[in-house]
Amino acid sequence: MKRDCEIIHELVFEAQRSGVTPEDRASIKAHLSVCASCQGEVGWIKEVAGSVDFRAAELDSAAEARIHAALRPVFEEAAKAQGQRARRGVWGLSLALSVAAAALLALGLWWKTDAREVPTEVPMAATLERTLSAKVMLRSGVAMLADKEVHEEVAVGQTVQTGKGSLVRLRMAEDRVRLLPESSLKLECSTLRRAVLALRRGTVHVHVKKGQGRHFTVRAPFGLVEVTGTRFAVSTAKGGSVTTLAGSVHVTLPQGESVDVRAGQAWRVGTSKVQPALSSQLTSLRLSFAPAPVSLLSASILFVRGEPAGASVRLDGRAVARAPLWLRHGPGPVRYEITMGGQKKEGVVTLRAGTSVDLRYDFPPSSRPQRRRLSRAGVSAGRARLTGLVRAGDCAGALGRVHGMKSASRHARAEALAMVAECHQAQGENDKALTLYRRIARRFARTPTAANALFEMGRLEAKAGRVTQARAAFRRYLARYGSLPLAADAKFRLCRFDVDGKRYGAAVRCLRSYRKRFVRGTQFSETLYLEARLRKDALNDCRGALTLYQRYRARPGARKRMEEVLFGRVDCLRRLPDPRFPVAAREYLRRYPRGAHAATVTHWHRGAKSVVRDGVGADRIPEK
């Protein structure tokens, strides 16, 4: 009998006994569709499994070994006498032993060496609280459990630590966990009812399957992250953060505060509100759980190792991780590709269920990456020479020096490109500067320089009259770097685009959004003035404009637009009309006797006096 058929027989038996996962059911269905011999066996297996009561308690490993050892000779003799070994195979013997053991338990027969009374039925609560270990699905690089390397599983109470460039993927029942490089994670609790992970440092990606009723908690230094079905990431970098790809996450802080992070959102410690997650964060989360989960019963183990370590491994055209690599993979042919420094090894290997395959490579030393790190003195000297070229106006020479900085860090190269872009701006070459800023925003998106580059892109596009491109750049800035200081300026520029484009309704909504989001923004008073002016001149809403003018006057230090505010107030009171008009007119003339609107206000004030003197409208505008 083939090994695949034996596994399918066991899965059918388990399906009748306690149920199997949807992946295992799919494996059973696929095998029965092509195997005629197993189709005849399935009915007999179901009949035997249905005739035995399996509600008795599970045997421990020692007792089960004693029962199998005692009954094995009996069934071997019976199999020889009936000539059924070829028909039932090894699995038939295993099934008979299991049936006999269950029958012994049902009759109450037990070894005298164990005086415990075996219950006839296992309570559901005890089943849900049974401790489960985490199965290792992938290990790349160096991952340690205390003083030994991570192998096939992680028990409750153990801590997994990953080194630089290392990666570990775990499977806990139906949930999946991915531990990123330079991280430390402890498995505090794992049952069918709940799971608790303690993230001490680094980043972990978690996929909790919905509908299984399992409460999942990640204990981080900044608080508790609790879910019941979602895909999310928790990081301790820069104080701590939570990013959610699907579902919802509830974060509880030690101070008693709580935050709900929904799909597509991110939250960082120290901020009061959630922000839209970066597209790069969501893509990383999506790729973490892109391959479908592999059935543990039908999986094969693939081990890729060799010299030098760190080679890139691709399976069936998909990048997996770097060697040394330990991976559980489904059965069948697999096309592999191992590359490093221009050297490549590729081929096809056939994986069988329950077996392991060891792939080795040995690349020559010339293929090893030769990247020389600059010392601090070398970096400082290079930056000094680059600064000298920029001050001298030699933008082309400075750009050539940047191209030679291949051994420098990504942050240093991004800063050097920004310096060259500023050099082009000083020379009036805005198009060349815009090209460099685009390169920084695209190739160095994770560096702090990329935020300034994206803002400068929007500013230069607006300066060139390309409003659509400028609007897109500022919106990207708000989506990626909404918590940085320049975010308020980017939002205000978007509002000005609406005002200048005579999109008055959108402009009013944008100005209100600015004041709600950036309470301490430098343009807060300016938004009050702009909205009041729009309501007075474009929307003919003088009462709303008067309210905004009053808010502007009440703000401390708001003096830049005070003359325009007082004149707008006078105009609104004249239009309504309002009895306060003469008082407002005299206040304007007293503070700005030679102002830009002094003649107009004087004309309006004299006209109001003449109307009152002639007795027309005296009840509306009394003279003081």
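The values are calculated or read from the model by the stated rules, or taken from the named source; none is laboratory data. Worth saying up front: this structure is predicted, and the values here are computed from it rather than measured. Cβ atoms come from the backbone with ideal geometry, glycine included; neighbour counts cover every protein chain shown. What goes into the accessible areas is simple: the full protein's heavy atoms, side chains included, and nothing from ligands, DNA or RNA. Shrake-Rupley method; radii C 1.70, N 1.55, O 1.52, S 1.80 Å.
For a Förster distance of 41 Å, can you work out the FRET efficiency between the beta-carbons of ARG314 and ARG193, rounded to the nearest 0.05? Once rounded, the FRET efficiency stands at 0.55. Applying a threshold of 27 Å to the alpha-carbon distances of LYS209/LYS238; LYS164/LYS344; LYS502/LYS560 flags LYS209/LYS238 as lying beyond it. The THR387 and THR350 beta-carbon pair, evaluated with R₀ = 56 Å, returns a calculated FRET efficiency of approximately 0.40.
Our coupling estimate for region 422-431, obtained by passing each phi through the Karplus curve with A = 6.51, B = -1.76, C = 1.60 and θ = phi - 60°, is 5, 4, 5, 5, 5, 7, x, 9, 5, 5 Hz, Gly and Pro reported as x. For ARG194, the residues 5 or more places off, or on other chains, whose built amide H falls under 5 Å of its own are HIS215. Per residue, region 139-270 exposes an accessible area of 42 Å² to a 1.4 Å probe, with every protein chain left in place. Apolar share of the accessible surface for region 237-350: 53 percent from carbon plus sulfur atoms, 1.4 Å probe. What accessible area per residue comes out for region 416-516, rounded to a whole number of Å², with a 1.4 Å probe? Each residue of region 416-516 exposes 49 Å² on average to a 1.4 Å probe.
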